[in-house]
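**Q** Got a structure for you, written out below as structure tokens; questions coming shortly.
None of the figures in this text is laboratory data; all of them are computed from the coordinates on show. The structure presented is a predicted model; accordingly, all values stated were derived computationally and were not measured. Here Cβ is always computed from backbone atoms with ideal geometry, including for glycine, and neighbour counts include all displayed protein chains.
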Amino acid sequence: MQKNTIKSFVFTRARGLNRQKIEALTTNMSEKTLSFEQIAQFVQNKTQMGFEKIIFEIGAGYGHTALHYAKNNPTTLYIACEVYVKGLANIYQKLCEEKLNNLYLCSTDAIEILHGLAKLNLQLNGLFILYPDPWPKAKHNKRRIFSEKNLPLFASVLHPNCPLLFATDHNDYKTWAMQTIISHISSPAPLFSWAATSQEYFNNPPSWWVPTKFEQKAIKEGRSAMYINLTKK
């Protein structure tokens, strides 16, 4: 897999978790944590494995979307990619309680996973990027995962007519995302189409939506979310 030199995340020490606890959690979760090779195998053989679609979420947090979507779409394989062990542990606990056989974890850098899939010409049925780190300081904007630089990569790993869903409540990131999309759609050969026709398009989440932990926090603090749904051409 290609190494991504500019990360969209920075590791911090998980409160209340020492090295032994982290190792124990990682061991327990191993049965539901996919390597790149396993993800590639799933994508190559999803029908034989009983799945109609594969959705990949970049930065799954505590798994609100992943758990809700997997529970309500049993024929879809949902891969929740998250680098922070506390989030992974929460998702793992809940998916075991719910006995979800179509939800798996991934703890590798998502961009590296996508580069690997692109190299093998393997494609997904959906990409979700929900409330990623906004990296508010101008000098850190280059770390933003939803960017003009990454749009071609996202397109390369999506089947035609499949969605790229992005959500944020950060005002500057909203502007950044809008400028990114307008620039892309206005390019000579855009890879995504955009069905926005009114302001309501940005205000309303998909019909299947469940509020995430970060969204609930934003609402309490008076911030509104923006939802952008692009479609791979």
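**Q** Just 167, 66, 189 to compare: in a GNM of the chain, with alpha carbon springs under 10 Å, which one fluctuates most?
**A** Among 167, 66, 189, the largest mean-square fluctuation in the Gaussian network model of the chain belongs to 189.
**Q** Tell me the mean residue ellipticity at 222 nm calculated for the chain from its helices only (DSSP H runs of n ≥ 4, each -39500 (n - 2.57), averaged over every residue, nearest 500).
**A** It lands at -10500 deg cm²/dmol.
**Q** Okay, moving on. If you place +1 on the Cβ of every Lys and Arg, -1 on the Cβ of every Asp and Glu, and leave all else neutral, what size is the dipole of region 22-150 about its Cα centre, to the nearest 20 Debye?
**A** 420 debye
**Q** Which value, in debye to the nearest 20, gives the size of the charge dipole of the chain about its Cα centre, when Lys and Arg are +1 and Asp and Glu are -1 at the Cβ?
**A** It comes to approximately 560 debye.
**Q** Can you list residues whose amide H is under 5 Å from residue 168's amide H, if they're 5+ apart or on another chain and H is modeled 1.01 Å from N?
**A** Residues meeting the amide H criterion: 131, 226.
**Q** Can you give the % of DSSP beta bridges in the chain that are antiparallel, to the nearest 5?
**A** So the antiparallel bridges amount to about 30 percent of the total.
**Q** Can you match semi-axes √(5λ) of the Cα gyration tensor in Å to one of these, [x] 26, 22, 18; [y] 32, 18, 15; [z] 53, 25, 14, based on a calculation from the structure here?
**A** Derived directly from the coordinates: [x].
**Q** Among the Cys residues of the chain, which have no other cysteine Cβ under 4.7 angstrom away?
**A** Singleton cysteines: 96, 162.
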